[in-house]
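Only one structure is covered here, and it is reproduced in the block below.
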Amino acid sequence: MIDLLGTAAGAALVFAATDIDDIVILTLFFVAARSTGRPRTGQIVAGQYLGIGALVLASAVVAAGLLVVPDPWTGLLGLLPIALGVRALRTSDDDEAPTVVTGTLGVAGVTIANGADNVAVYVPVFRALGPADSGVFLLVFVMLIALWCAAAAWLGRHPRVTRVVARAGHWLVPTIFIAIGVVILVSSGVVGHLLDRVG
């Protein structure tokens, strides 16, 4: 029983450490859902599960030695939130926050792009776990995704958050997405890798 609790606590720690930034993105999605109706709440939740599920599956495949991920190139996923942010800036109306993502696959895509670095953490964890412990990790992840979505939905209804997004959302939301993409590109090392190839 103590081992089970220790494994569950470890899973919660791994999830929280790698997905804390998802709260910001999910909150923006829930604010958009309340103000524009897109993406819908169900699409946000489904997209988050789909995105995290894809990251966990990729990590498990890499941990099993079935696939080798070229490390810095995963940073190119940062181009997705940058593209979404730029598109939203170009089509934004000064009176309302732009809709950056409209459906389940868009939410999943942003989750995967923002979580590309999660794979680097998940792979050694899954390599070290046995089947039973892996099952505990997956169960904890499933529960914490629901908690993350609930927390973001609550923040998305908070008057201060909605006021800020209502006042500055037309530039704030796309700028946050662009900033996330830039951080992904820079922290992954893909920019330096590309410069080395050019130089």
If I filter the stretch 20-33 for residues that are within 21 Å of G78 (Cα to Cα), among the charged types (D, E, K, R), touching a helix residue (DSSP H, G or I) at 6+ places or on another chain (Cβ under 7 Å) and surrounded by fewer than 22 Cβ atoms within 10 Å (Cβ to Cβ), do I get at least one hit?
yes
Would you be able to say whether some residue in the stretch 169-176 is at pLDDT below 75 and either basic (K, R) or not in a helix (DSSP H, G or I) (or both)?
no
For the stretch 27-59, which residues satisfy the criterion of being farther than 15 Å from V142 by Cα and in contact with a Leu (Cβ under 8 Å, 6 or more places away or on another chain)?
T27, F30, A58
Looking across the stretch 57-103 at residues that are of a type in the set (S, T, Y) and over 20 Å from D21 (Cβ atoms), the single one that is modelled with the highest pLDDT is T102
Does Q48 satisfy the criteria of being among the polar types (S, T, N, Q), under 16 Å from A116 (Cα atoms) and modelled with pLDDT of 85 or more?
yes
Looking at the stretch 36-65, I want the residues that are under 19 Å from G103 (Cβ atoms) and have a partner that is surrounded by fewer than 19 Cβ atoms within 10 Å (Cβ to Cβ) and at pLDDT 85 or above with Cβ atoms under 8 Å, at least 6 apart or on another chain. Which pairs are those?
R38/G103; P39/G103; Q43/G103; V45/A146; G47/G103; G47/L105; Y49/V142; L50/L105
Enumeration of residues in the stretch 130-160 that are open to solvent by 40 Å² or more (accessible area, probe 1.4 Å), more than 16 Å from Q48 (Cα to Cα) and among the aliphatic types (A, V, I, L, M):
A132, L155
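The values are calculated or read from the model by the stated rules, or taken from the named source; none is laboratory data. Quick caveat: nothing in here was measured; it's all calculated off a predicted structure. Using ideal geometry, Cβ is built from the backbone for each residue, glycine included, and neighbour counts are taken over all protein chains shown. These area figures cover heavy atoms from the full protein model, side chains too; ligands, DNA and RNA do not enter into them. Shrake-Rupley method; radii C 1.70, N 1.55, O 1.52, S 1.80 Å.
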